[in-house]
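This report refers to the structure that appears directly beneath it.
The values are calculated or read from the model by the stated rules, or taken from the named source; none is laboratory data. A quick note: this is a predicted structure, and the numbers were derived from the prediction, not measured. Positions of Cβ are generated from backbone atoms using ideal geometry, with glycine treated the same way; all protein chains shown enter the neighbour counts. Surface accessibility is based on the protein's heavy atoms, side chains included, excluding ligands, DNA and RNA. Shrake-Rupley method; radii C 1.70, N 1.55, O 1.52, S 1.80 Å.
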Amino acid sequence: MRVGVLGTGNMADALGTRWAAAGHEVLFGGRSPERSRALAGRAGGLPGTLGEAARFGDAVLLALPHHALAGVLAGLGAGEGALRGRVLIDCTNAVGPGLLLTTGTGPGAARTLARTTGAGVVKAFNHLPDAVWRLDPFTAATAEGPLAVPLCGDDEAALETVRTLVRALGHVPLTLGGLERADQLEAATALLIGLWKSGHDPRTLLPPFEVVTAGDRAGRRGR
Ligand SMILES: NC(=O)c1ccc[n+]([C@@H]2O[C@H](COP(=O)([O-])OP(=O)(O)OC[C@H]3O[C@@H](n4cnc5c(N)ncnc54)[C@H](OP(=O)(O)O)[C@@H]3O)[C@@H](O)[C@H]2O)c1
């Protein structure tokens, strides 16, 4: 498929390079022509502007800082419906000082994006660092097998497009539900970032699945 990538930084590089290597046509759009050309050259994609990336292809990855989104999207005419019906992949983390979500207690980033653009927004790829997305799937795999990549979205066709892009990385898509669940994914990611930054392995919080679900299997109610 054709994928437009907005941004030429870490996430654009990590995901766009892997998708190009998997045979997808990727256009890297940035505000700096030099950086788009350099990344496209390295990744085997096409260079372009932010506008060209937004108009290119079947899906658009927003690999921009969350705080820059509103301005960039306004410049692309999102307020006038320029992105209506497009597949927008939101990998942003709106995490600010104190590792708190800058979206506060209101709707999360993905829900606001869907409301303001009318696009088929899918929250995906935000829960792990770019270094993981650069790895081959065998190195990134867990003891249980390939990585499950959580996706949230309200538009089934958009979700299916992103599932294809997850499989292109060698991972397995895990659809969590609609964009209300994206709020939880965004909050959970902020929690993970906090644990990683303070040197704690989040896996130490979690006993094996069989242990956690033992009560359910015994027919106990509630949790
Ligand atoms: N890196 C990670 O491990 C990771 C993991 C999961 C999710 N994320 C999320 O992914 C998004 C991108 O992260 P990143 O690490 O790739 O960031 P990054 O390396 O800093 O790259 C950000 C990109 O956005 C561009 N940009 C910044 N402000 C802009 C503006 N006002 N107008 C136009 N372009 C602008 C930058 O352009 P210039 O190069 O011209 O400055 C750069 O191309 C963020 O929302 C982040 O929270 C990151």
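List of remarks:
- At R0 = 25 Å, FRET efficiency that the Cβ-Cβ distance of residue 102 and residue 180 yields, to 0.05: 0.85
- Taken along its principal axes, the alpha carbon cloud of region 2-217 reaches lengths of 53, 37, 34 Å, longest axis first.
- Residue-averaged [θ]222 nm for the chain, counting only DSSP H segments that reach four residues, each worth -39500 (n - 2.57): -12000 deg cm²/dmol
- Size descriptors for region 1-130 (Cα atoms only): Rg and Dmax, in that order, 14.0, 41 Å.
- If a spin label sat at a point 7 angstrom from the Cα of residue 135 along the line to its beta carbon, the backbone N atoms of region 159-176 nearer than 14 Å would be those of 170-172.
- Of the accessible area of region 1-63, computed with a 1.4 Å probe over protein heavy atoms only, carbon and sulfur atoms account for 48 percent.
- Amide H contacts under 5 Å for residue 27, placed H, 5+ residues apart: 3, 4, 5, 46
- 3J(HN,Hα) along region 22-29, derived from phi through the Karplus expression 6.51 cos²θ - 1.76 cosθ + 1.60 where θ = phi - 60°, amounts to 7, x, 7, 8, 10, 10, 9, x Hz, with x in place of Gly and Pro.
- Relative contact order (percent, whole number), the chain, Cα cutoff 8 Å, 6+ residue spacing: 16
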